[in-house]
Amino acid sequence: MITQKMDYGDSDTILEAYIAYEESESQKPLVLVSHDWSGRREFACRAAERIAEMGYIGFALDMYGKGVFGADGDAELNSSLMNPLASDRDKLRQRVNSALSAGCNIPQVDASRVAAMGYCFGGMCVLELARSGAEVLGVASIHGILAAGDLPNEDMKARVLCLHGHDDPMVPPEQVLEFEAEMTEAGVDWQLHAYGGTMHAFTNPAA
């Protein structure tokens, strides 16, 4: 497996992705992996590697900036990194679309076959990617924040999958119902799977 870090930009912010793929003579589909509130750390990079093992190019994107990371268990630090983007959906959409553009420009990528997945805050990011009308085939939000921001949805082209812990205190039932109504009104091909007795961040062993 080939793994490497790649710098890319969003306006004046330098970002650093982690890329994983198996060597091949033909182009491969791309899967963007959007990190949780602690930044593009080991968890997101290992997810990109698992994606590569399945025959795709895994692209662990960076929402915060090169060398900018939070830490497990440090809610104050992680919130200080996440909140400026979570509260500015226009900036968030621009940042995640910058990752999409960077990934599609990798020579080994088949840019006609792109999907995105994200964990927690990253789930919000990939949902905003879909809401922005980006040319991706599908997005998967894994214990992600479902609430929409104040921006209107563009023509949504992606299929949407949400994997949700029913007892997640960060995503109450009202937010789930509002999200379902939003997706239905948008005419999106969407699914939401709720797991009973399950809290937030259920895929992360450090949670």
Item to check | Amide H partners (placed H, <5 Å) of Val160, local residues excluded | outcome: Val139, Asp189, Trp190, Gln191
Item to check | Ascending count of other beta-carbon atoms within 10 Å, so fewest first, for Asp168, Asp74 | outcome: Asp74, Asp168
Checklist outcome for this item: In cubic angstrom per residue, the convex hull of the chain built on its Cα atoms measures 114
Item to check | Table column - 3J(HN,Hα) (Hz), the stretch 16-31, Karplus curve with 6.51, -1.76, 1.60, x for Gly and Pro | outcome: 9, 8, 10, 10, 9, 6, 8, 4, 7, 7, 10, 6, 10, x, 10, 10
Checklist entry - With each label point set 7 Å from Cα along the Cα-Cβ vector, what nm distance links Ile14 and Asp155? => result 3.8
Checklist outcome for this item: At the level of C-alpha centres, the distance separating the stretch 89-121 and the stretch 1-46, in angstrom, is 10
Item to check | Overall form of the stretch 104-207 per C-alpha gyration tensor (a/c, 1.5; a/b vs b/c) | outcome: oblate
Checklist entry - Per the helix-only calculation at 222 nm, which mean residue ellipticity applies to the chain, given -39500 (n - 2.57) for every DSSP H run of n ≥ 4 and division by its residues, nearest 500 deg cm²/dmol? => result -10000 deg cm²/dmol
Next on the checklist: If the elastic network links every pair of Cα atoms under 10 Å, which of Met54, Met183, Met82 fluctuates the most in the Gaussian network model of the chain?
Outcome noted: Met54
Checklist entry - Can you work out ³J(HN,Hα) from phi for every residue in the stretch 97-105, in order, using Karplus 6.51 cos²θ - 1.76 cosθ + 1.60 and θ = phi - 60°, giving whole Hz and x for Gly and Pro? => result 5, 5, 5, 4, 4, 5, x, 5, 8
Checklist entry - In degrees, nearest 10, range 0 to 90: what is the angle between the Cα axis of helix 75-86 and the longest Cα principal axis of the chain? => result 90
Checklist outcome for this item: Applied in sequence order to the stretch 125-134, the curve 6.51 cos²θ - 1.76 cosθ + 1.60 (Karplus, θ = phi - 60°) yields integer Hz couplings, x standing for Gly and Pro, of 4, 6, 5, 5, 4, 5, 4, 6, x, 4
Item to check | Built amide H within the under 5 Å cut-off of Asp10, gap 5+ | outcome: Leu15
Next on the checklist: Skipping prolines and chain starts, which residues have an amide H placed within reach, meaning under 5 Å, of the one on Asp110, given they are 5 or more residues away or on another chain?
Outcome noted: Lys28, Leu30
Item to check | Fluctuation leader among Glu49, Glu182, Glu25 - the chain, Gaussian network, Cα springs under 10 angstrom | outcome: Glu25
Item to check | Relative contact order %, the chain, counting alpha carbon pairs below 8 Å whose residues are six or more apart | outcome: 17
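No lab work stands behind these numbers, since they all come straight from the coordinates. In this text, all values refer to a predicted model and were calculated from it rather than measured experimentally. Glycine gets a Cβ as well: all are built from the backbone with ideal geometry, and neighbour counts include every protein chain shown.
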